[in-house]
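Working notes for the structure below.
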Amino acid sequence: MAAPDEGTENNGSNGRVTLAVVGAKLDMLTDKVSDVYDMWKADHDKLTTICTKFEDIDTLKKAILGEVVGIIIAAALAIYALTGN
């Protein structure tokens, strides 16, 4: 979506709306960081377990993505070889 041209009839309210949205997002981020900090203070082992699970999921995601890319490349090379180009 393109930004409105200058001189629109909204008297510059787009800037205020943008600041309000950014402020709301920053508040949400602050709340999340506060929750994680509280969890860390209350139960450090639980937070470590959760972080380890996220790392395991990320590693698995990267491995699967690598396999899919490898299969696509192998299939493309096989088609190229079969067409005789």
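We did not get these values from a lab; they are worked out from the coordinates using the rules stated. Everything numeric here is computed off the predicted structure, so don't read it as measured data. Note that we place each Cβ from the backbone using ideal geometry, even for glycine, and neighbour counts take in every protein chain shown.
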Want the number for residue 79 to residue 30: 0.36 nm per residue separation, take away the alpha-carbon distance, what's left? 12.5 nm
Return the distance in nm (one decimal) between the two label points of a simple spin-label model at residue 21 and residue 38, each offset 7 Å from Cα along Cα→Cβ. 2.9 nm
Could you name the lysines in cross-link range of residue 61, using Cα to Cα under 27 Å and dropping any fewer than eight places away on the same chain? 32, 46, 53
Let me spell out the model: positive unit charges on the Cβ of Lys and Arg, negative unit charges on the Cβ of Asp and Glu, origin at the Cα centre of the range 33-85. What dipole size does that give, in debye rounded to 20? 220 debye
